[in-house]
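Data first, discussion second: the structure below is written as structure tokens.
The values are calculated or read from the model by the stated rules, or taken from the named source; none is laboratory data. This structure is a prediction, so every number in the text was calculated from the model and none was measured. Positions of Cβ are backbone-derived with ideal geometry, glycine not excepted, and every protein chain shown enters the neighbour counts. We work out accessible area using only protein heavy atoms, side chains counted, and drop any ligands, DNA or RNA first. Shrake-Rupley method; radii C 1.70, N 1.55, O 1.52, S 1.80 Å.
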Amino acid sequence: MHSKKQSSAAVTKPPLFQVSVFVLTASLLSFIQLSAARPMLIVERFFPGWGWFEILALSLYAGFIAGKMLNPTQSPRWRLRIWILFSVVFFSQLLIGLLGVDQFLMTGTLHIPVPAMIVAGPLFRAERFFMPILFASTVFLVGPAWCSHLCYIGAWDAAASVHKKKPRFMPKWRHSVRIGILLSIAAVSLLLRWIGVSAVVAGGFGLAFGLFGIGMMILWSRKSGVMTHCITYCPIGLLANWFGRLSPFRVRITPSCNECGACRVVCRYNALTERDLQNRTPGRTCTLCGDCIKSCKDQWIEYRFFRLSPDSARKLFLVLIVSLHAVFLGVARI
Ligand code: SF4
Ligand code: SF4
């Protein structure tokens, strides 16, 4: 019942919601602008003092995107669009930086842009914990939604998977494979450190791991319609699923679900198997992407956050995730 109220509220009351996203984005970016040791916003780097205009533009952008995402029917399309936009901006800055324009690099110290390095890098170097801390804080705030809105590589797997209309279901052993990969990455990173290989050699391992993952997207995700890279290969996705449980946000299937299966064909994360529907809860690979919300015509799938109504829980989630997206768009670079 409350879910039906959800759509009418979504259509009739966007301004306060959008203002919240604007204010949160502006606050986060202003904090970064005032407290970072070096300019983080790209405009500030070229024109000192003008970064405030970039903050205004990004905050207006966030409010606009939030309005689009509030409509559950439009949300899957806009989620993919903004996720790909972030990835394009991220890698374009890396490319321009590599071509010699240092302002487009974070510090001038290059890292391999492969998510697995968030674990492997600090284990190998025993220092520079910025990325693990950023990842952990994000996961604490919005659960595994790192892997449906914020990761610079995951967007590629999403784009590859939508080539096939209907996703296939992957075998269960994929969970064990991913755990094995996570443990192997940790072991190899420590081993490389122990035998004292150079950072260049270690980076070569990271690059090879990343290229293999891209091959999976091209050869497997495109054919299966499932984000195979993210749900079978990437160790960060596994950590996001595990530690995402620390966040109170959930997607739940209500007891009224009649298991018609309409939602199963939109989930690219293989988190809505028959068993998951019977259990009335999405599988452990759910990333809170929200694509399934609109697929249930009776709206028996919903966001939950403690005792908030599903509508308020979804709005709160969108306020956080859209603001984080805009902040990442403004400051994330290598
Ligand atoms: S599973 Fe890995 S590559 Fe995929 S979105 Fe998550 S962190 Fe990114
Ligand atoms: S169950 Fe729904 S929210 Fe979770 S990953 Fe699948 S489509 Fe996204």
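Scanning the range 192-246 for residues that are basic (Lys, Arg) and out of contact with any Lys or Arg (no Cβ under 8 Å at 6 or more places or on another chain) returns a single hit, Arg245. Only a single criterion out of (1) in contact with a helix residue (DSSP H, G or I) (Cβ under 9 Å, 6 or more places away or on another chain); (2) over 22 Å from Phe22 (Cβ atoms); (3) hydrophobic (A, V, I, L, M, F, W, C) is not satisfied by Ala62, namely (2). Would you check if Ile231 is crowded, with 20+ Cβ neighbours inside 10 Å, more than 18 Å from the chain's Cα centre (by Cα) and within 16 Å of ligand 1 (Cβ to nearest atom)? Against the criterion (crowded, with 20+ Cβ neighbours inside 10 Å, more than 18 Å from the chain's Cα centre (by Cα) and within 16 Å of ligand 1 (Cβ to nearest atom)), Ile231 does not qualify. Within the range 286-334, the residues that satisfy the criterion of being of a type in the set (Ser, Thr, Tyr) and either more than 13 Å from the chain's Cα centre (by Cα) or more than 16 Å from ligand 2 (Cβ to nearest atom) (or both) are Ser295, Tyr303, Ser309, Ser312, Ser323. Where helices (runs of 4 or more DSSP H) sit wholly within the range 115-162, those with at least 2 residues that are more than 16 Å from ligand 2 (Cβ to nearest atom) and under 13 Å from the mean Cα position of the chain (by Cα) occupy 130-142. Among the residues of the range 132-159, those identified as more than 11 Å from ligand 1 (Cβ to nearest atom) and open to solvent by 10 Å² or more (accessible area, probe 1.4 Å) are Pro132, Ile133, Leu134, Ala136, Ser137, Phe140, Leu141, Ala159.
Suppose the filter is more than 13 Å from ligand 1 (Cβ to nearest atom), touching a residue at least 24 places away in the same chain (Cβ under 8 Å) and aliphatic (A, V, I, L, M); does Leu105 pass it? Walk me through how you get there before you give the answer.
On the way: more than 13 Å from ligand 1 (Cβ to nearest atom): yes; touching a residue at least 24 places away in the same chain (Cβ under 8 Å): yes; aliphatic (A, V, I, L, M): yes.
The answer is yes for Leu105.
The requirement of being over 30 Å from Ser59 (Cα atoms) and either free of Cβ contacts under 8 Å to residues at least 40 places away in the same chain or within 16 Å of ligand 1 (Cβ to nearest atom) (or both) is fulfilled nowhere in the range 304-326; no residue meets it.
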